[in-house]
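Some notes on the structure that comes next.
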Amino acid sequence: WYRERLGLTTERVSPEAIRARWDVLVRYLPEFKILVPDPEPIVALLHANVYESRARTVKSPGTLTGESILVDANGRVWLTDFGDANDVPQFWDFVTLESVIRFDWVEEKELRRLQEIEEHLLDDVRFGKPETQGIESPAARQAVSFIQRIRHHAARAVGKEHLPYHLGIFFHAARRAADVDLGLIAKPLECARLAHTLLAMAMIAEKVETSERKVDVESERGLRVDSDGVKRDGKRLSVRGQSLELLRYLANPPDRLRTRREIIEKFLQEPFDEQDETQTSWLYTAIHRLRQKIEYDPDNPCFLLNESNGYRLRLQPDE
């Protein structure tokens with residue numbers, strides 16, 4: 001829903017596009033790499049389907065911005081621009097307004113100040129509460145105060161399930177990051193805005209990962225492969241492209257011997273030739289890459305095991 005509503009096409013938020021923005025930002029702000037050492041957690045969350053597929057939807061009048069909310073001389077509030085009225089993710093109106101204040105109105109250029117804002121807004125204990133303790137910048141305090149007023153109205157709908165709300169902010173930040181013209185990044189304000197969006201996305205991705213760790217790891221031990229992606233011990237793994245397709249093939253069903261001939265003919269859909277070195281090289285390389293992504297120790301695999309003439313995938317560690 002968020003991807004569709006915000007125009008986040010695969011091309012606009014591809015791993016390459018996100019990394020390009022991170023690379024350029026680190027070039028201009030080397031200290032950003034300390035806060036966000038790698039954009040991979042951002043990429044992984046951007047391309048995960050599990051959260052959006054479960055999102056509830058509500059009716060919305062359309063796109064809410066400062067320009068589409070008017071107040072007349074008598075203090076009455078009017079909404080305009082109903083062209084986009086439709087079903088939207090549950091907290092769309094709230095997170096849309098918050099994102100305007102959070103990413104468009106805040107003009108902080110110091111990374112430390114931006115980090116203070118994000119830490120405050122990701123503290124669920126403070127959700128919807130007006131206090132701004134710990135934020136030194138007056139402008140940032142004012143912005144956070146406005147945001148908490150919006151959250152105060154959202155609190156009843158949000159309840160104690162704050163993660164879907166934060167994910168809404170994540171996708172709004174992604175849209176702004178995708179809109180950045182890298183040719184203008186040398187301008188301090190443009191650089192700071194890109195830093196703010198990527199920092200927020202990284203911190204939300206970390207929050208999601210932390211939330212996942214709270215699941216009973218023992219009950220989640222092993223691999224889980226489904227339409228939403230891949231998890232190991234309850235933690236999402238970054239497995240994409242042909243590696244993901246090969247893993248899904250081997251896992252359907254799991255714990256079954258797949259001969260080299262079977263993999264070449266049924267997965268790669270080529271006639272098997274035992275003397276074809278190209279096929280042999282492809283298979284060994286594909287298995288090696290897959291082990292690099294799913295194994296605790298790729299040199300001592302416990303999931304993807306060699307057998308006499310093929311491979312067997314086990315979803316539980318081979319003890």
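Points to keep in mind about this one:
- Sorting 107, 295 by accessible area puts them as 107, 295; the probe is 1.4 Å, largest comes first, and only protein heavy atoms count.
- Unit charges at the beta carbon, dipole of region 128-208: most positive-side option, 186, 148, 138: 148
- Spatially proximal lysines relative to residue 160 (Cα-Cα < 24 Å; intrachain offsets below 8 disregarded): 59, 129, 207, 214, 235
- Cross-link reach is defined here as a Cα-Cα straight distance under 22 Å, omitting same-chain residues fewer than 8 places apart; for residue 109 the lysines meeting it are 33, 187.
- A protection proxy built from the mean count of other Cβ atoms within 10 Å ranks the segments 191-199, 141-149, most packed first, as 191-199, 141-149.
- Peptides ranked, highest mean first, by Cβ atoms within 10 Å: ranges 235-247, 7-19, 270-282: 235-247, 7-19, 270-282
- What the chain shows is 54 Å² of accessible area per residue, with the surface traced by a 1.4 Å probe over protein heavy atoms.
- Here the accessible area of region 209-319 is 42 percent carbon and sulfur, with a 1.4 angstrom probe and all protein chains present.
- Computed Kirkwood radius, in angstrom, where 1/r is averaged over Cα pairs of region 276-319: 11.0 Å
- Put simply, when 69-78, 296-305, 163-172 are sorted by average Cβ atoms within 10 angstrom per residue, most first, you get 163-172, 296-305, 69-78.
- In the distance distribution for the chain, Cα-Cα pairs more than 33 Å apart total 38 percent.
- Note on residue 309/residue 289: beta-carbon distance plugged into 1/(1 + (r/R0)^6) with R0 of 22 Å gives a FRET efficiency of 0.60.
- Start at zero, step by 10 Å, and the Cα-Cα distances of region 112-230 spread as 12, 35, 33, 16, 5 percent across the bins.
- Length-normalised contact order for region 142-255 - Cα pairs under 8 Å, 6+ apart - percent: 15 percent
- Here residue 256 and residue 73 are evaluated by their C-beta separation; at R0 = 51 Å the FRET efficiency comes out at 0.10.
- Rounded to the nearest 10 degrees, the angle from helix 277-294 to the longest Cα principal axis of the chain is 50 degrees.
- Modelled this way, with points 7 Å down the Cα-to-C-beta line, the labels at residue 4 and residue 275 are 5.4 nm from one another.
- Selection among 254, 298, 114 by position relative to the dipole of the chain gives 114 as farthest towards the positive end (Cβ unit charges, Cα centre).
- For region 178-187, 3J(HN,Hα) per residue [Karplus equation, 6.51 cos²θ - 1.76 cosθ + 1.60, θ = phi - 60°, Hz, x = Gly/Pro]: 5, 6, 5, 8, 5, x, 9, 5, 5, 6
- Full-extension gain in nm, residue 105 to residue 227, via 0.36 nm per residue minus C-alpha separation: 40.1 nm
- The chain: relative contact order as a whole-number percent, Cα under 8 Å and 6+ apart: 16 percent
- Note on region 203-319: Cα-Cα pairs beyond 23 Å make up 32% of the total pair count.
The values are calculated or read from the model by the stated rules, or taken from the named source; none is laboratory data. The structure displayed is predicted, hence computed values, not measured ones. Ideal geometry is used to build each Cβ from the backbone, glycine not excepted, and the neighbour counts take in all protein chains shown. The accessibility values were calculated without ligands, DNA or RNA, using every heavy atom of the protein model including side chains. Shrake-Rupley method; radii C 1.70, N 1.55, O 1.52, S 1.80 Å.
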